[in-house]
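Structure first, commentary second.
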Amino acid sequence: MSIIDPRTGNPMTAEPTAENVSADGERPPVTAEEVIIELNAGNIQQVLEASMQVPVLMCCYSPADDSSSKLATILEKLAIEYAGAFLLGKLDAQSNPEISAQLGVRSVPDVKLISQGGLVDSLQGAKPEKEVRAWLSRYFPAPAEAPPSPEEEAEAALLEGDAATARDIYQNLVTQYPEHYAYQVSFARVLLAEKRGDEARSVLDNLPPEERDAPAARGVRASIEFSERALSAEDIAALGERDDSEAQFQRALRQVADGQYDAGLEALLTLMKRDRAYNDDAARKTLLQVFDALGADHPLTVAYRRKLFALLY
């Protein structure tokens, strides 16, 4: 069914039909007017009824609240990108307190997924785009050509050697979502890539204790510490074809410092097999330091603990 504007009698959205979806499941582009509705007392019931035909996302927000306005903007973008897979109903909770109370909204932002007239799921609090996409993916197929998220753009820039762009992206995300601590850890990782280890350590030091001790933060901190111990890339290159224990150890240390944990762990294990006594058992001690940095549950920790146990016993 179409949703009718009570003020004009005109359809507010196009009626979903089989023709709206191509044979390969892709939907044609839509406009904001076709998939986004400002909710109020005059149309809320019709929108709920429309959920019998097409899922509805109700975004309860306040224009005066910066975090909820940002989430509303993200959802507007995604509603168009998903091309009619769901309708987006935006409710200004501050201007519609009675409707908000009926929907059980206690704070904004609050997003509710309605289907067949009933609540399917909800999403509370300010969330970055990546988390919103992950939540939507539980219920809707992702668009065929979804644009890259800011995090994906940052990681792509980092892979291309453009750490400055990655830093700008993560710095912006940290500003927008100060309590999303994964962004601060990624920001520290990018600072380290720019050889700004002291600044990276400062970012990690300012995290809450439980985040500071989490595997991701410990991994970056380990990279900082290993980068301080390891030879520079130029010095590693200067080792040339040297294959003695010291050269092997320094290459492994550089790999760990660069986040190439698998290669670094394998090199350390190989050194243990070849020269266990090197530098007072330095290879084994460094392996244990990497395990501690990655965390006990990290797949590489589990795998290489087994290899180390097999070698020792």
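FYI, it's all coordinate maths here, none of it is from the lab. Just so you know, these numbers come straight off a predicted model, no measurement behind them. For neighbour counting, all protein chains shown are included, and Cβ atoms are generated from backbone atoms with ideal geometry for every residue, glycine included.
Distance between the 7 Å Cα→Cβ label points at residue 31 and residue 296: 6.0 nm. Note on the stretch 127-222: along the principal axes its Cα atoms extend 42, 31, 22 Å, ordered by decreasing extent. In terms of overall dimensions, the stretch 67-177 has a Cα radius of gyration and Dmax of 16.1, 53 angstrom. Taking 0.36 nm per residue of sequence separation and removing the Cα-Cα distance, the residue 194/residue 124 pair yields an extension gain of 21.6 nm. Treating r as the C-beta distance of residue 49 and residue 145 and R0 as 25 Å, the FRET efficiency rounds to 0.20. Pair-distance distribution of the stretch 185-313: all C-alpha pairs, bin width 10 Å, starting at 0; shares per bin in whole percent are 13, 42, 32, 12, 1. Treating each Cα of the chain as one equal point scatterer and applying the Debye formula with no solvent, the log10 of I(q)/I(0) at q = 0.07, 0.08, 0.11 Å⁻¹ comes out as -0.43, -0.54, -0.81.
Treating only the Cβ atoms of Lys and Arg (+1) and Asp and Glu (-1) as charged, compute the dipole magnitude of the chain about its Cα centre; round to the nearest 20 debye. Before the final figure, lay out the partial values.
Working: 31 positive and 51 negative charges, 219 e Å.
Charge dipole of the chain: 1060 debye, to the nearest 20.
Rounded to the nearest 10 degrees, the inclination of helix 299-312 to the longest alpha-carbon principal axis of the chain is 20 degrees. Compared with the dominant principal axis of the Cα atoms in the chain, helix 261-274 is inclined by about 20°.
Hey, got a sec? Which trypsin sites (Lys or Arg not before Pro) in the stretch 82-137 land in a DSSP loop and have at most 11 other Cβ atoms within 10 Å? Before the final figure, lay out the partial values.
Details: sites: 90, 106, 112, 130, 133; in loops: 106.
Passing sites in the stretch 82-137 are 106.
Which one of 143, 93, 83 has its Cα pushed farthest toward the positive end of the charge dipole of the stretch 65-182, where Lys and Arg give +1 and Asp and Glu give -1 at the Cβ? With unit charges placed on the Cβ atoms, the residue in question is 93. In the chain, helical runs assigned H by DSSP with n ≥ 4 each contribute -39500 (n - 2.57); averaged across all residues and rounded to the nearest 500, the mean residue ellipticity at 222 nm is -16000 deg cm²/dmol. Compute the helix-to-body angle for 150-159: its Cα long axis versus the longest principal axis of the chain, expressed 0 to 90° and rounded to tens. That works out to roughly 30 degrees.
Taking a straight line from the alpha carbon of residue 285, these lysines sit under 17 Å away, with near neighbours fewer than eight places off in the same chain left out: 273, 307.
Here the gap between residue 303 and residue 239, fully extended at 0.36 nm per residue and compared with their Cα-Cα distance, gives a gain of 20.1 nm.
Note on the stretch 18-136: Kirkwood hydrodynamic radius from all Cα pairs is 14.5 Å, rounded to one decimal.
In vacuum, with every alpha carbon of the stretch 183-257 counted as one equal point scatterer, what does the Debye formula give for log10 I(q)/I(0) at q = 0.12, 0.18, 0.22, 0.25 Å⁻¹? Two decimals, please. Values, matching the q order: -0.37, -0.69, -0.88, -1.03.
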